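Written out below as structure tokens is the structure these notes cover.
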Amino acid sequence: MSGGWKRVGRNLFLLALFALLVGRTVLRAKPFLNWDVLVYMALALEWEVDDPVEVHRRTYAAAEDELSLPEFRWLTSSQLMRARYEDPAAFHEHLGFFRSRAGYTGILALLHRAGVPLTGTVHVLSLGAWVAFALLFLVWASRHLPFWAAVPASLFFAHAPPLLAATSYATADGPAALVLLAGIYCLHERRSIAAGGALLALSVLLRTDAIVFVLAWTVLVLLFERTDRALCRGLLVTSVASLVAFFGVTAWAHDYGWWRLFQVSFIAKSLHPSALSSTPDLGTYFAVLSDIASAMPGNGYFETERTVVGSTLAFTYAGFALAGIVFLGRSGGRARSSVLLSALTLATLARWILFPRLWDRYHVLFYAAVPLVLLSAAMGVLRRDAPEVHVAR
């Protein structure tokens, strides 16, 4: 009995330590002011205000009231920022790039209704997603490690630089990756196909590019895990639901499409993006892709004029993922883990090809999932290869 109480006391102490360190990180986290915060503030207001002019007025009024004077001045500093500040129609037009993230902006609207200042909703949601990441890491790791080892492992995973970076930016990257990871946990670890499929489909409403991973995983499972009929059926239904969600929400949002986004991101900013061509120019696309690829790895970091926004850390994670795939194949290891690692790697590569930036926040799912899947696979192989212990009776 005393041993049991000691174990409970030790675990409670470790849990308190976990909460203390996670709380310290939350308290020290500081939001990075990127211009997208105005976009998400406006889209949160759109859930209750129909008039674009009123949305524009309330967005900038809240920013001026809730931010410091230097911060507000920076949000209207460039020629393009100033034009959107002065012209409600131009500002409203730019929202079309982000409106399809309806699930994300809907949560922001709920936070604002609950009393969170409009400029703070994005940061609160990003921090909440990071805390949920840490808890999910702990739950996942505890399935394969003793609790005394799962606590430091989950803290280590949660404090990876890309995940911490996602807490600072006004973006949907962290929350969307969290929902995807929760879906992977349900499907891969718990074999809860209905819950996992629902979460994967839901993630598309937070960031539509989540569809890339859902389709990649489905295709690889159908190719290499056809004997797992329950998983095949579940992912097929999930992919159909995700495609319906993707096309439905992009049609509802009057989304500008991939090529217009590519142009304003890599070629030239535009005050009126709806006037840009929606027909891809493959020559221009491959020229941009070639220029970016030829400049890598550089010094390993990618910067804007204000801060480091990405790194070549994806190469390191991809190396571990590929090593895991090879090891599992040669050892007769768990095919499900190998296929999942392949899907994560393929989806990350496909996303980069479509939108060639190695900004860390774009690949949060890859950085969060690869260590956990490797942990599951490694412990599965160890348990399988462990010698039987015969206890004398």
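The values are calculated or read from the model by the stated rules, or taken from the named source; none is laboratory data. Since the structure is predicted, the reported quantities are computational estimates derived from the model, not experimental observations. With ideal geometry, Cβ positions are generated from the backbone for all residues, glycine too; neighbour counts draw on all protein chains shown.
Among the listed residues Ala160, Ala109, Ala150, which satisfies the condition of being modelled with pLDDT of 95 or more, in contact with a Phe, Trp or Tyr (Cβ under 6 Å, 6 or more places away or on another chain) and at negative phi?
Result of the check over Ala160, Ala109, Ala150: Ala109.
Return the total of residues in the range 8-46 being surrounded by fewer than 13 Cβ atoms within 10 Å (Cβ to Cβ) and either assigned to a helix (DSSP H, G or I) or in contact with a strand residue (DSSP E or B) (Cβ under 9 Å, 6 or more places away or on another chain) (or both).
11
Here's the yes/no breakdown for (1) crowded, with 23+ Cβ neighbours inside 10 Å; (2) in contact with a His (Cβ under 9 Å, 6 or more places away or on another chain); (3) not aromatic (Phe, Trp, Tyr):
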| position | (1), (2), (3) |
| --- | --- |
| Leu127 | no, no, yes |
| Leu135 | no, no, yes |
| His159 | no, no, yes |
| Pro162 | yes, yes, yes |
| Leu187 | yes, no, yes |
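Taking Leu180 as the residue in question, decide whether it is part of a helix (DSSP H, G or I), closer than 18 Å to Ser100 by Cα and without any contact (Cβ under 8 Å) to a residue 24 or more places away in the chain.
no
Conditions (1) of a type in the set (D, E, K, R); (2) at pLDDT below 95; (3) assigned to a helix (DSSP H, G or I), marked per residue:
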{"site": "Thr250", "(1), (2), (3)": "no, no, yes"}
{"site": "Phe262", "(1), (2), (3)": "no, no, yes"}
{"site": "Lys269", "(1), (2), (3)": "yes, yes, no"}
{"site": "Thr284", "(1), (2), (3)": "no, no, yes"}
{"site": "Ala287", "(1), (2), (3)": "no, no, yes"}
{"site": "Ile292", "(1), (2), (3)": "no, yes, yes"}
{"site": "Asn299", "(1), (2), (3)": "no, yes, no"}
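Using the structure shown, decide if Ala245 is exposed (fewer than 15 other Cβ atoms within 10 Å of the Cβ) and over 30 Å from Pro161 (Cβ atoms).
no
Select, from Leu202, Leu236, the only residue that is without any contact (Cβ under 8 Å) to a residue 60 or more places away in the chain, in contact with a helix residue (DSSP H, G or I) (Cβ under 9 Å, 6 or more places away or on another chain) and more than 15 Å from His363 (Cα to Cα).
Leu236
Counting only residues that are closer than 30 Å to Met379 by Cβ and touching a residue at least 12 places away in the same chain (Cβ under 8 Å), give me the helices (runs of 4 or more DSSP H) lying completely in the range 90-173 with at least 2 of them.
Here the list reads 121-142, 147-158, 161-166.
Given the residues Leu236, Leu205, Leu231, which is the only one that is part of a loop (DSSP other than H, G, I, E, B), among the aliphatic types (A, V, I, L, M) and over 18 Å from Thr348 (Cβ atoms)?
Sole residue among the options that is part of a loop (DSSP other than H, G, I, E, B), among the aliphatic types (A, V, I, L, M) and over 18 Å from Thr348 (Cβ atoms): Leu205.
In the list Glu54, Glu46, Glu71, which residue meets the criterion of being of a type in the set (D, E, K, R), in contact with a helix residue (DSSP H, G or I) (Cβ under 7 Å, 6 or more places away or on another chain) and at negative phi?
Result: Glu46 is the single residue among Glu54, Glu46, Glu71 that is of a type in the set (D, E, K, R), in contact with a helix residue (DSSP H, G or I) (Cβ under 7 Å, 6 or more places away or on another chain) and at negative phi.
Please go through the range 39-67 and pick out each residue that is of a type in the set (A, V, I, L, M) and over 20 Å from the mean Cα position of the chain (by Cα).
Within the range 39-67, Ala42, Leu45, Val49, Val53, Val55, Ala61, Ala62, Ala63, Leu67 qualify.
In the range 74-88, what residues are part of a helix (DSSP H, G or I) and either under 15 Å from His254 (Cβ atoms) or polar (S, T, N, Q) (or both)?
Gln79
If you check Phe224 against the conditions, is it out of contact with any strand residue (DSSP E or B) (no Cβ under 8 Å at 6 or more places or on another chain), of a type outside the set (A, V, I, L, M), modelled with pLDDT of 95 or more and assigned by TED's automatic domain parsing to the domain that holds Tyr367?
no
Have a look at Leu341, Leu322 and point out the one that is modelled with pLDDT of 90 or more, part of a helix (DSSP H, G or I) and closer than 15 Å to Val381 by Cβ.
Just one listed residue meets the conditions, Leu341.
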